[in-house]
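Input: a single structure, listed below in structure tokens.
Nothing in this text is a laboratory measurement; each read-out follows from the coordinates by a stated rule. Note that the structure is a prediction, hence the values are computed from the model and not measured. Glycine also receives a Cβ, built like all others from the backbone with ideal geometry; neighbour counts cover every protein chain displayed.
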Amino acid sequence: MFAGTKFETPGVYNIEVVVDDVMKLRYPIPVLVVEPPPGAKKPAKEDPDAPKENI
């Protein structure tokens, strides 16, 4: 949805949709830190030289 966007800290971020320099829509996106459930696999360490996946 937000390809390449990093939310570094939890909180509420406002997303604005702008068309031809006119804001058409603004909505809040709450960002939370979620702890993995017990027994979940730990994510592999990120390789800084690896290509980045763009969803």
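Of the residues making up region 1-27, those that are part of a strand (DSSP E or B) and surrounded by 10 or more Cβ atoms within 10 Å (Cβ to Cβ) number 6. Among residues of region 20-45 that are under 18 Å from GLU8 (Cβ atoms), those with a beta-carbon under 7 Å from a residue that is among the hydroxyl-bearing types (Ser, Thr, Tyr) at least six positions away or on a different chain give the pairs ILE29/TYR13; VAL31/TYR13. If you scan region 28-41, which residues turn out to be under 15 Å from the mean Cα position of the chain (by Cα) and assigned to a loop (DSSP other than H, G, I, E, B)? LEU32, VAL33, VAL34 - these are the residues of region 28-41 that are under 15 Å from the mean Cα position of the chain (by Cα) and assigned to a loop (DSSP other than H, G, I, E, B).
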